[in-house]
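Peer 1: Structure incoming, see below.
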């Protein structure tokens with residue numbers, strides 16, 4: 001049986017699992033993002049979730065302009081390359 005909960009508007013689940021009868025751990029995962037893990041306690045699970053979310057958001061790719069090399073958020077903030085804002089962008 002697994003238990004679901006919401007953290008930062010994302011749905012997570014966890015269940016008590018074991019590799020053998022003596023080693024019990026918490027297996028967890030996120031339903032919306034490709035992150036999961038194992039923990040020894042609920043507190044450790046929450047710390048692991050925070051760390052993996054931080055790493056996931058840091059490593060995700062953002063749309064980048066082919067001409068100026070800036071992301072659309074940077075272009076909007078700097079008012080740079082306004083014609084690029086209306087053209088299609090690619091991920092690098």
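The values are calculated or read from the model by the stated rules, or taken from the named source; none is laboratory data. None of these values were measured; they are calculated from a predicted model. We place every Cβ from the backbone using ideal geometry, glycine too, and count neighbours over all the protein chains shown.
Peer 1: Restricting to segment 19-39, count the residues that are surrounded by fewer than 16 Cβ atoms within 10 Å (Cβ to Cβ) and within 15 Å of residue 3 (Cα to Cα).
Peer 2: Result for segment 19-39: 3.
Peer 1: Can you tell me which of (1) in contact with a helix residue (DSSP H, G or I) (Cβ under 6 Å, 6 or more places away or on another chain); (2) touching a residue at least 24 places away in the same chain (Cβ under 8 Å) is the one residue 7 doesn't meet?
Peer 2: (1)
Peer 1: Give me the pairs: first residue in segment 20-40 and farther than 26 Å from residue 59 by Cβ, second residue assigned to a strand (DSSP E or B), beta-carbon distance under 7 Å, and six or more apart or on different chains, which are they?
Peer 2: These pairs meet every condition: 24/16; 24/18.
Peer 1: When you go through (1) in a loop (DSSP other than H, G, I, E, B); (2) at pLDDT below 90 one by one for residue 57, which number turns out not to apply?
Peer 2: Going through (1) in a loop (DSSP other than H, G, I, E, B); (2) at pLDDT below 90 one by one, residue 57 breaks only (1).
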